[in-house]
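What follows is a set of notes on a single structure, which appears directly below.
Values in this text are rule-based calculations from the coordinates and carry no lab data. Please read these numbers as outputs of a predicted model, since none were measured by experiment. Counting neighbours? That spans all protein chains shown, and the Cβs are built from the backbone with ideal geometry, glycine included.
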4 protein chains.
Amino acid sequence: MDSSVVVLGRILDAATEEFGHKGFSGAKVDAIARRAGVNKAGLYYHVGTKEKLYEAVLLRLFGQVAGALERAVPADADPRQGFAGLTGALADLFGRLPMLPRIMAMEMASGGATMPEAAMAEFRRIFAVTLTILERGRTAGLLRPAEPVFVHLTLVGTLVVYSLSKPLRRRFAAAARDLGLRLDLPLAEAAAFLADTIARGLSVDATPGEEHHATS
Amino acid sequence: MDSSVVVLGRILDAATEEFGHKGFSGAKVDAIARRAGVNKAGLYYHVGTKEKLYEAVLLRLFGQVAGALERAVPADADPRQGFAGLTGALADLFGRLPMLPRIMAMEMASGGATMPEAAMAEFRRIFAVTLTILERGRTAGLLRPAEPVFVHLTLVGTLVVYSLSKPLRRRFAAAARDLGLRLDLPLAEAAAFLADTIARGLSVDATPGEEHHATS
Amino acid sequence: MDSSVVVLGRILDAATEEFGHKGFSGAKVDAIARRAGVNKAGLYYHVGTKEKLYEAVLLRLFGQVAGALERAVPADADPRQGFAGLTGALADLFGRLPMLPRIMAMEMASGGATMPEAAMAEFRRIFAVTLTILERGRTAGLLRPAEPVFVHLTLVGTLVVYSLSKPLRRRFAAAARDLGLRLDLPLAEAAAFLADTIARGLSVDATPGEEHHATS
Amino acid sequence: MDSSVVVLGRILDAATEEFGHKGFSGAKVDAIARRAGVNKAGLYYHVGTKEKLYEAVLLRLFGQVAGALERAVPADADPRQGFAGLTGALADLFGRLPMLPRIMAMEMASGGATMPEAAMAEFRRIFAVTLTILERGRTAGLLRPAEPVFVHLTLVGTLVVYSLSKPLRRRFAAAARDLGLRLDLPLAEAAAFLADTIARGLSVDATPGEEHHATS
DNA sequence: AATGAATGAGGCTTCATTCAT
DNA sequence: CATGAATGAAGCCTCATTCAT
């Protein structure tokens, strides 16, 4: 006899899969119920409406991200290690939860205007990780001032997009080989390269351009 | 007397708006027709099915992007100017076509697996712009080797995400002020900052980290 | 509490009526649902698509025909009794199921090219009845050789057509009375007359014409 | 410059084909116009509504049948020749106008309740051919009394049904070969066999059954 | 006479949600 | 708790017909 918690877990798993593949409007409650091995009426008994189900999926997902990032970036890391930990943890998450980047992209597309407050709280935990790295880096004189929100979105957005671009890159394959491109750069390597590039780009002693005003 | 092409333009405008706001599944053909000021049957007369309509929207949108980028990055630009031109043009586009980043994010989320070949061709034109900058930069000894696909996705993905994050950033406002953050960094400034950061990060004479293997 | 099978029966009844009166394309799912006293979505829950519904109607109808004919033609009947039993049973069926001859005529008109295999199986059972009569008659030396398929279609086709001609005959009424015709010959009598005529026409000792080559 | 008459002929041809294949409700005005090489609005200019178009098709078709039958059954034919001429002419017509039997079957299925008066007149001409044969045969003492309407429907209905059964017979092919059946009996031979069988069956000196009351 | 472009009405089907058992 | 059976509200699409040119 599956406990209620187990059933709810199966429902969330199924919903994550379905929402990730079809988006909120495209997802069908029938399909979620079938995937979860639950009767449709049972699903409503457990979760309520389609919207509440979606919110539960978001909440669980973002909670997982926040937890993983906090664990991956130790309090005493220097900026380079911090960036690498952060992007590495994201790459790992995207590998283990393939629906995560898809759902993140959808949420971004919809502007997050409808995101429930509970999910926003997880968002703040996630952002705090980047914020801490930047703060410590600047305090230690290692990083030039930069807008944290922007840096954070650069890191996360790039990895989301790169992770999602896999099928597209595959369709590029033929043309790519002619140009000597490696389209199959694994996500983990891309994450490391990104961390490195950003760390260089934000370093105090990087090649100076004209001092840019887009700094805090 | 609205010529057929005018009507089709109105339909594409309306469809772009509706798809951008609701996604493919969430968009309603009725709403598009109403918005375009045409009868629903008339819409089908002009475009065919909902799917073909979506494809036409994608095609027009990506064509606009490709054209704008090609115009914005002159053939003789150095890397720094090239990156700035590219991100600036994107920022400009995202400002004038607010549905563009949304639809790009949705396409990313869906993995682009269903993108029609015609749209892929525009994609290739878009990517070619980044590719050219990197090639020329490397030939001129200004840039260290980097995976072009990844760099391209970093530039585009970051701007898409930042552009879309506007409503979310607004919801962060209260918390942000306490932390001394500027959440309202305009897209154009973010674009310039990004171009600068990437140019620095890819410069030959940037602070060296351990040589990373994720290079071509 | 209407069991599911009862509802399905009501749906099939309603569909038979509607398809019989309007043909497949002319029939409206709305009308069938209304007639059956079920919600339109409920109809889809039970049957699937309009096409599946039509197939189910065909299957039930032809099954009823096959069963009735098999019961009506005993194994030890002589040809004359056999023909009479067969045409009598058909006349009875056409009386009780007025939509049957209409649907048969439609299926004939459409060439049966789209008839599902399950319905074809019932068709074979129906044809087997005629086949058996002819076989036994020939073995017993009572019938001259004849092409069974053709004989079968003569019997069935004639009764279908006669049964359907009722309204037309009615419109002929005025002209007919002037000619001393009985247009209202009941179907059962027509069936008996047909059986008699065919039995005579196929008898071994019937007035010989030139031996015709259209025989097996 | 196609004269109006020529265009109308093309339209009727196209309509015959479309109505014959899809039935009245299933036929699409678009398809008819396209097949006829006429603009849809032009079709309406020439013919009026879909219903009028259908009536025109019926009228032309039945007129052709009436003419052919009258020509095929000379005034001084004996019954056997008369039946053979009639069925032969029908077989010929069904061969040349494949849509004819289909449309006849559909009209039968719909009960002819909606057939326009003009088409009814052609119907009467057609029926008159059978009537004349029977009358002369009885007057000459060659035929036993029989209900003319019924005999007529036997002849016509059987040939319609046999002609239409071709695709069905083809699907029977495999099973048929095992039973030694000839399913491909050409229509002309079937017509001759039918005429022979009916002539025998109605002959005065045919094997007597009990005198049947289903006679005029 | 011909044509491209409408358009109102309606047809088939789906879907989130609820109810009775 | 679980399930099969509803159901109202839409959603996509089609079609006969007309209009302006």
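In order along region A:20-27, phi translates into HN-Hα couplings of x, 7, 10, x, 5, 5, x, 6 Hz, rounded to whole numbers, per the Karplus curve 6.51 cos²θ - 1.76 cosθ + 1.60 with θ = phi - 60° and x for Gly and Pro. A crude spin-label estimate for the pair residue A:124 and residue C:40, with each label 7 Å from Cα along the Cβ direction, gives 4.9 nm.
Please work out, to two decimal places, the log10 of the ratio I(q)/I(0) at q = 0.05, 0.07 Å⁻¹ from a Debye calculation in which every Cα of the protein assembly as shown carries one identical scatterer. Here log10 of I(q) over I(0) equals -0.49, -0.73. Counting beta carbons within 10 Å around each of A:44, C:54, B:162, C:45 and listing the fewest first gives the order C:45, A:44, C:54, B:162. In plain terms, the bigger the Kirkwood radius, the slower the diffusion; for chain D, with that radius from Cα pairs, at 4 °C and 1.567 mPa s, Stokes-Einstein puts D at 68 µm²/s.
Label point of residue C:44 (7 Å along Cα→beta-carbon): distances to the other copies' equivalent points are 1.6, 1.7, 3.1 nm, sorted ascending. Scanning chain A for the Cβ atom closest to the axis that brings A onto C yields residue and whole-Å distance A:41, 3. Overall, the anisotropy analysis places region D:1-102 in the prolate class: the square-rooted eigenvalues a ≥ b ≥ c of its C-alpha gyration tensor yield a/c not less than 1.5, with a/b exceeding b/c. Among the listed pairs B:50/D:28; B:22/C:50; B:22/B:166; B:40/C:40; C:28/D:50, those with a Cα-Cα distance over 26 Å are B:22/C:50.
Measuring r between the beta carbons of residue C:179 and residue C:71 and using R0 = 45 Å, the FRET efficiency lands at 0.70. Between copies, residue D:145 shows label-point distances of 3.9, 10.9, 12.0 nm, shortest first, with the point placed 7 angstrom from Cα along Cα to C-beta. Between helix D:148-164 and chain D there is an angle of about 60 degrees, using the helix long axis and the longest principal axis of the Cα atoms. A cut-off of 5 Å between modelled amide H atoms, ignoring neighbours fewer than 5 places along the same chain, links residue D:146 with D:216.
Based on the convex hull around the alpha carbon atoms, region B:1-48 presents an average projected area of 3.0 nm².
Sort D:13, D:178 by Cβ crowding within 10 Å, fewest neighbours at the top. List each step's numbers first, then the result.
Numbers: D:13 16, D:178 7.
Fewest-to-most ranking of D:13, D:178: D:178, D:13.
Seen against the Cα atoms of chain D and their longest principal axis, helix D:79-96 is set at about 30 degrees.
Take every pair of alpha-carbon atoms less than 8 Å apart whose residues are at least six positions apart; their mean separation over the length of chain B yields a relative contact order of 22 percent.
Seen against the Cα atoms of chain A and their longest principal axis, helix A:187-202 is set at about 40 degrees.
In whole angstrom, how far apart do the alpha carbon centroids of region A:110-135 and region C:65-79 sit? Comparing the Cα centres of region A:110-135 and region C:65-79, I get a distance of 80 Å. Sorted from shortest to longest, the distances between the residue A:28 label points of this copy and the other copies are 2.0, 2.5, 2.6 nm, with each point 7 Å from Cα along the line through the beta carbon. Rounded, prolate or oblate: pick one for region B:104-143, where a ≥ b ≥ c are the square roots of the eigenvalues of its C-alpha gyration tensor, a/c under 1.5 means rounded, and failing that, prolate if a/b is larger than b/c, else oblate. Here region B:104-143 falls in the prolate category.
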